1. I'd like the full set of residues that are crowded, with 22+ Cβ neighbours inside 10 Å and touching a Pro at 6+ places or on another chain (Cβ under 8 Å), limited to region B:339-351.
2. Which strands (runs of 3 or more DSSP E) sit wholly inside region B:278-397 and have at least 1 residues that are in contact with a Gly (Cβ under 7 Å, 6 or more places away or on another chain) and modelled with pLDDT under 95?
3. Name the one entry in B:Leu234, B:Leu186, B:Leu226 that is within 30 Å of B:Ala270 (Cβ to Cβ), exposed (fewer than 14 other Cβ atoms within 10 Å of the Cβ) and under 18 Å from the mean Cα position of the chain (by Cα).
4. Going by what's in this entry, would B:Pro344 be described as under 23 Å from B:Leu103 (Cβ atoms) and in contact (Cβ under 8 Å) with a residue 60 or more places away in the chain?
5. For region B:98-117, enumerate the residues that are crowded, with 19+ Cβ neighbours inside 10 Å and more than 20 Å from B:Ala452 (Cα to Cα).
6. I want to confirm something. Restricting to region B:275-330 and keeping residues that are within 20 Å of B:Thr356 (Cα to Cα) and polar (S, T, N, Q), which single residue is surrounded by the fewest Cβ atoms within 10 Å (Cβ to Cβ)?
7. Take B:Leu400 and tell me if it is in contact with a strand residue (DSSP E or B) (Cβ under 6 Å, 6 or more places away or on another chain) and modelled with pLDDT under 90.
8. Of all the residues that make up region B:98-138, how many are more than 14 Å from every other protein chain (Cβ to nearest Cβ) and aliphatic (A, V, I, L, M)?
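The values are calculated or read from the model by the stated rules, or taken from the named source; none is laboratory data. Since the model is a prediction, treat every value here as computed from it, not as a measurement. Ideal geometry is used to build each Cβ from the backbone, glycine not excepted, and the neighbour counts take in all protein chains shown.
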Amino acid sequence: MKRAGWYLIAGAAAGFAGVLGLHGAGAATPSSPGPLASGGAGAAPAPAATATGGTSRSGDPAAPSGGAAPARRATGAVVPYGYGELSVTVTVRGTQITAVSVPLLRTAEPYSQQIAEQVLPMLRSEVLAAHSAQIHAVSGATYTSAAYAQSIQSALDKLHVK
Amino acid sequence: MGFDSVVAAGSRPGRRRRPALPQPHGPRPALARAGLVLAGAGFGAVTALAITDETAAEFRAAGGAATFIGSLTGLVGTYLALLMVLLVSRIPAIERVLGQDGLLRWHRRLAPWPISLLAAHALFITVGYAQAARAGLGHQVAVLLTRYPDVLTATVGLGIMCVIGVVSIAAVRRRLRRETWWLIHLYMYLALAISFAHVLALGPSFVGHPLTQVVWSVAWAATAGLVLCYRFGLPVVRSLRHRLVVTEVRPEGPGVVSVICSGRELDKLAVAGGQFFFWRFLTRGMWWQAHPYTMSALPQPPYVRLTVKAVGDHSAAVAKLRPGTWVAVEGPYGVFTKYVQQRPQALLVAAGIGVTALRSLLEDMPRGAAPVVLLRGTRPEDLVLRKEVAELVRYRRGRLHELTGTREEAALDERSLTRLVPDLHRGDLYVCGPEGFVTSVVDLAARLGVPAEAVHHEAYAL
């Protein structure tokens, strides 16, 4: 068969472009694929509803609480990962991270939810110990860990910490 | 009842053919092109999936690169495995383009890729996860096997694939009996089936993406359906329809026998001269294996004939078949037919038992074909079926050359071939025989200026 290779390559290019196009379309419309991303970022009915999407500062320089550096709080970006999406809220005092919570966690299916619930406390204690987003991923939850670290980093960026 | 009358009928002028016969036909290039584009599209799609399921941040994180490679090799490897299964699923449209030996050649050439890619997938995913978790490899392996759903079965599947890969290495395979190797090889279906679940449960391109889940599942279900249909369903239906039974086993020459089977509705079997079937003789020792043997004459309802040379356990057992044995068939397969002929002139060359395909191909050629036929054998008695061939050649106003002697005495080289067939480069060349013979004649034809698309061959692997 003549030019068999060209037909293969043309097909491969079409398939590649097709998936990229579908992926792009899916990313552009937040309410597209499946159980994920049913709402916009931060608009989720999440527990501990501090997720306002922006920076919420409790504790002003004008009204210091406790005498030391003021506590400031920010919610990081909603980070989609392979099995769901999450966002992390960080409270800092100076350069010390004093509290971490997860206002938004949505997963595709129960198994991923279970994994995430297992590892979130571990990730939280790592962050509280390291005082940064530079944490070790938890074995068996690589994607969740990476998303957690990324959301924390974006929160710290909003607070201009480091 | 003998086949002499049958042969005579085959060469009788004006043999009647009913118009409603299902006609065999040649390759359909448009279908082949569509298949190629589709195969390429799948490849492009899985590559794109692997790229889109990893965000830049995940890639930069610890273990991200290894995880990405692991996911890419996994997707591409699984996709290639799907293509390998399709290649040998006997889909008629593919078979008519590549022929059985072409299919197997591509299958053999490509099959190492999915196995090594999937092994790499397991390795890189483990390394990537271990790096991300700053854990040891051993610990990570234990975590993967015990805490991740369906990974244990997938690992067993990969183990089976690796065993199959090892026994298929030429050096190892030569030490095994063909039947042993074939049985081991069948476990690939099991390996693929038990590895399927972990892709949907864990693959980041699939979890939470119903579209990819559905497309992936449908592709595999369709492949399984095609395999079941063409490797299992169709042969069963055909065998039940024609109900072939061994009628006579007759010696044709040293170590060569013809088996004549009778059956029903053979006029409805669309078979071209030069094609072959997988034959399954339903005796106690042979029922579980099907072997490819060429029909050495077009069916003459209610009879078909195959001619077999005893070279292995199975072909030796064929000579001892008793009349009344039930026969199941799978086929017909092969592109060694008149439908692939490009130009009006044809040279037909056969060595040894390759004469069987040549014999039925010749019978299928029209009266004015005037083919040049060259039979090659070590001893004159090795030229089995030569009388039948001579009669068919004479009826088609062709020429017959017989070349006997050792390879040195009666060499088939540039000089002897151009002397016998001076206008070789103007016609098509059909070659049939042992693998080494076919390769040497095909090379010779290329040197003598016969274009590749005008060379048709069928090699007998022992």
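1. First pass over region B:339-351, keeping only residues crowded, with 22+ Cβ neighbours inside 10 Å: B:346-351.
Within region B:339-351, B:Ala346, B:Leu347, B:Leu348, B:Ala351 meet the criteria.
2. On the way: elements: B:291-294, B:303-309, B:326-333, B:346-351, B:372-377.
Hits in region B:278-397: B:303-309, B:346-351, B:372-377.
3. Numbers: B:Leu234 fails: exposed (fewer than 14 other Cβ atoms within 10 Å of the Cβ); B:Leu226 fails: exposed (fewer than 14 other Cβ atoms within 10 Å of the Cβ).
Step by step, each of B:Leu234, B:Leu186, B:Leu226 is checked, and only B:Leu186 is within 30 Å of B:Ala270 (Cβ to Cβ), exposed (fewer than 14 other Cβ atoms within 10 Å of the Cβ) and under 18 Å from the mean Cα position of the chain (by Cα).
4. Details: under 23 Å from B:Leu103 (Cβ atoms): no; in contact (Cβ under 8 Å) with a residue 60 or more places away in the chain: yes.
No: the conditions fail for B:Pro344.
5. Across region B:98-117, the qualifying residues are B:Ala111, B:Pro114, B:Ile115, B:Leu117.
6. This residue is B:Ser315.
7. no
8. Total satisfying the criteria: 9.
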